[in-house]
Structure formats: structure tokens, C-alpha cells
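Written out below as C-alpha cells is the structure these notes cover.
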Amino acid sequence: MNGMREATIYTQWIQPSWAPPSWLFGPVWSVLYAIIAISFGYVFYKVFQGEIPKVVAVPFVINLIANAAFTPVQFGLQNLPLAAVVIVIVLVTIPWAMWAVWPYAKWVALAQIPYLVWVSFATVLQLTIWYLNA
């Protein structure tokens, strides 16, 4: 979350006791977006150069689209069920991307570990918030 509107909406939902405070999301995502920009950018560059097959980029592209869709769905539409579907797509594409890129750039796969850990947590949080607010 990067705005007051998102933070306000987040705090209005019934939260599990283990939910992090809204201020934590900004710093976490700032670090993760830096990792994503560097590692995904490397993959796209190598695909463009013909050094990595185009099919390797597929989970990275799907991940970026789903990641970009999450905030508008969650906080713009305030559609918790659809946001749950979107975050599951984000979650599933991370290990897929790790597996796809491993033979070509192991460091890119390993760089996704913090992203995978956070999105795993965020997925459980999203599903819990959806359940509590249904």
C-alpha cells in the first residue's frame, strides 16, 4: 500500500490478530519492487537478446500483470474475492518463474525467495480478510 486511501480502507476491514499494521506494506513492497525490477528486468533483457527462450518470460509477464492488478482490485473496486484470485495468481507465478529461469539465471530464481515468502504471507492474509469480511 502506498497511499492514505489504501491504508484507510485496509484498517476498515475486520483483521486477524496477526495482521501487520498498514504502514509496514510500503517499506516491504519498496524493497520487493527493487528486487523485482532488477531480476525481472534482467530476464526480459536476456529474452530480448535471445539468450533466454521467450517462454521463460511467460510467468514473469503474468506475475507483473497480476501484481499490477491487485491494488486496483483490492482498494479501488474493494472486491475481496476477486483480489483473492489475483493474489493467488501472483503467488502461483512466483515458483513457476523460479523454476523456468533456474537453468539460465539461478540468481534470479534465488532473488525471488523474499517475494515468495511475502506473497505467501499476503495470500493467507488476503484469504483471511476475505473470510472475516464476507
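Going by alpha carbons, how many degrees (0 to 90, nearest 10) lie between the helix axis of 58-71 and the longest principal axis of the chain?
Tilt relative to the chain: about 20 degrees.
Using a 10 angstrom cutoff on alpha carbons, build the Gaussian network for the chain and name the most mobile of ALA34, ALA122, ALA83.
ALA34
Give the carbon-plus-sulfur fraction of the accessible surface of the chain in %, rounded to a whole number; probe 1.4 Å, heavy atoms of protein chains only. Kindly include the intermediate steps, with their values, before the conclusion.
Numbers: 5350 of 7280 Å².
That fraction is 74 percent.
Please list SER22, SER39, SER17 from largest to smallest accessible area, probe radius 1.4 Å, with all protein chains kept in place. Before the final figure, lay out the partial values.
Values: SER22 30, SER39 0, SER17 120 Å².
Ranked from most to least accessible, the order is SER17, SER22, SER39.
The values are calculated or read from the model by the stated rules, or taken from the named source; none is laboratory data. Only a predicted model underlies this, so the values are computations on that prediction, with no experimental measurement involved. The accessibility values were calculated without ligands, DNA or RNA, using every heavy atom of the protein model including side chains. Shrake-Rupley method; radii C 1.70, N 1.55, O 1.52, S 1.80 Å.
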